[in-house]
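Remarks on the structure that follows.
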Amino acid sequence: MKILVVGGGGREHAIIQKLREDPRAEVIYALPGNGGIARHALCVDIAAADIPAIVSFAKANAVDFAVVAPDDPLVLGAADALRQAGVPCFGPGKDAAAIEGSKVFAKNLMKKYGIPTAAYEAFQDLEEALAYVERCPLPAVVKADGLALGKGVLICETREAAREAVRSMMEDRVFGESGARVVIEEFLTGPEVSVLSFTDGETLAPMVSSMDHKRALDGDEGLNTGGMGTVAPNPCYTPEVAAECMEKIFLPTVRAMKAEGRPFQGCLYFGLMLTADGPKVIEYNCRFGDPETQVVLPLLEGSLLEILLAVSQGRLAETQVRFSEKSACCVILASRGYPQKYDKGFPITLPGTEADERVYIAGAVEKDGKLLTSGGRVLGAVAVAGDLPRAIERAYALADRIHFENAFCRRDIGKRALEALEGKN
Ligand code: AMP
Ligand code: GLY
């Protein structure tokens, strides 16, 4: 089979390496891919959001199956365009991708179908939003409606901060059209859990749970980033919590999307908070998480390609989705300065790896046979082991064998998960 993967980060590197394990994957194209992916796939210089170019490439090269990984092409309708051109595709169409593309849509869906989430109000009028800020409970969480590179959420302790957040989004349009509407919601507390799932619109198969670390610095200090590391499974996500989420959140969401005439086919990501009142949805994503995928897929047993094909053909119910009982940890090595300004172009020295170790490249280009840094998040060092403490130790040991100038990582990935584990024992 000729397979096309749209995207070019660490998540796509993990997806491609896993797809490669299936002998049916003869050729894999990555659009645009990156310097690390180039070792496992044929990278083609087409941007992930250039839908006409993606479709032409797929047709010209007789691609048998496409996987659209990032949010922006999905929200723009890349999966629909590929399917319309006769290319079978894993990923939700535009109507279903709205579950991530519009927070107002997602919140209204949850309200209509009784899916637990933070209480909220949605606004498209600046004056009405500002009036609500004068009486809403504090802290208030102000969210831009559309995609904002993970930066469109502001937690405001004071009315002044909330006013400023609303003005920056709706008036100054710091996130462009994404801020034309805002959601102002109740502040929740509790451990966060990410659950990725496969769904074909009818059946849902959850993947192993995980925990992301979004802030740049140790102790959850510093700015929000795309994610500085992950562990799986997430010890806060007990079998009882999992059963409750399945009954009150996962299945109701799949049914709600179907009832709305927007059946969701692809990877549906549940960002959950385990509050004193039970699990609640913080956000939905219409795609694999990054860097959650880097710890989830190494634990998947069997063929990823088979599952993605089954999802796209509506036969997930007949397909096995199994995960190993092991644990995994991913430590992101970033360029000093990220998520703000940073330098690039430094050579990366990669060590040899053992069977249970992976290096997933996120931001690097290949030049004259050398790998050079090209992004803020440069790579993920991943280890799989029999238990979480060992997976964390080995991921750090691997990270410490990788070198490039200006590299930094958080030193406490998995610390909260270990504390939760100790609390259980
Ligand atoms: P999001 O971009 O929607 O994932 O939000 C980024 C982060 O903001 C989440 O991972 C949470 O830590 C935090 N957050 C979002 N919504 C809430 C909320 N209602 N209460 C508390 N924290 C929140
Ligand atoms: N790691 C969070 C996300 O992929 O949105």
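The values are calculated or read from the model by the stated rules, or taken from the named source; none is laboratory data. Quick caveat, the model's predicted, so the values are computed rather than measured. Neighbour counts run over all protein chains shown; Cβ positions are idealised from the backbone, glycine included. These accessible areas exclude ligands, DNA and RNA; they are computed on the full protein's heavy atoms, side chains included. Shrake-Rupley method; radii C 1.70, N 1.55, O 1.52, S 1.80 Å.
General remarks:
- Measuring r between the beta carbons of Lys370 and Ile155 and using R0 = 51 Å, the FRET efficiency lands at 0.75.
- Entry comment: accessible area of region 213-319 is 35 Å² per residue, from protein heavy atoms only and a probe of 1.4 Å.
- Potential lengthening between Lys112 and Leu138 on full extension [0.36 nm per residue; Cα-Cα distance subtracted]: 6.9 nm
- Close amide H contacts of Ala66 (hydrogens built in the peptide plane, cut-off under 5 Å, sequence separation of 5 or more or a different chain): Leu4, Cys89, Phe90.
- Protein accessible area in region 208-247, 1.4 Å probe - carbon and sulfur %: 58 percent
- Charge dipole (Cα centre; +1 on Lys/Arg Cβ, -1 on Asp/Glu Cβ; no other charges) of the chain amounts to roughly 500 debye.
- Available extension along the chain between Ala259 and Ala180 is 25.7 nm, counting 0.36 nm per residue and deducting the alpha carbon span.
- Coil-residue GluC sites (Glu not before Pro) of region 41-140, DSSP, other Cβ within 10 Å capped at 11: Glu134
- Cβ-derived FRET efficiency at R0 45 Å, Leu418 paired with Glu26, nearest 0.05: 0.60
- Scalar couplings 3J(HN,Hα) for region 191-202, obtained by applying the Karplus form with A = 6.51, B = -1.76, C = 1.60 to θ = phi - 60°, are x, 9, 9, 9, 10, 8, 9, 9, 8, 9, x, 10 Hz; x denotes Gly and Pro.
- Taking a straight Cα-Cα cut-off under 18 Å and skipping sequence neighbours fewer than 8 places away in the same chain, the lysines within cross-link reach of Lys370 are Lys344.
- Given charges at Cβ of Lys, Arg, Asp, Glu: the chain dipole, positive-most of Met1, Ala397, Thr158: Met1
- Set of lysines near Lys59 by C-alpha distance (under 18 Å), chain-local residues within fewer than 8 positions excluded: Lys2
- FRET efficiency, 1/(1 + (r/R0)^6) with R0 45 Å, evaluated for Lys341 and Asp277 via beta carbons: 0.65
- Between Glu244 and Arg401, the modelled labels are 4.2 nm apart [label points 7 Å from Cα along Cα→Cβ].
- For region 145-168 and region 95-119, distance of Cα centres in Å: 19 Å
- Projecting the Cα positions of Ser194, Pro291, His213 onto the charge dipole of the chain (unit charges on Cβ atoms of Lys, Arg, Asp and Glu, taken about the Cα centre) puts Pro291 furthest along the positive direction.
- Proximal aspartates and glutamates relative to Lys107, as straight alpha-carbon distance under 16 Å, when same-chain residues fewer than 8 apart are discounted: Asp95, Glu121, Asp145, Glu185, Glu186, Glu260, Glu283
- Spatial separation of Cα centroids for region 197-238 and region 282-319, in angstrom: 14 Å
- Violating pairs (Cα-Cα greater than 23 angstrom) within the set Lys111/Lys258; Lys151/Lys280; Lys103/Lys258; Lys326/Lys415: none
- Dmax and Rg, reported as Rg then Dmax, of region 27-95 (C-alpha, Å): 11.2, 35
- Spin-label model distance (nm) - Glu128 vs Phe187, 7 Å beyond Cα toward Cβ: 2.6 nm
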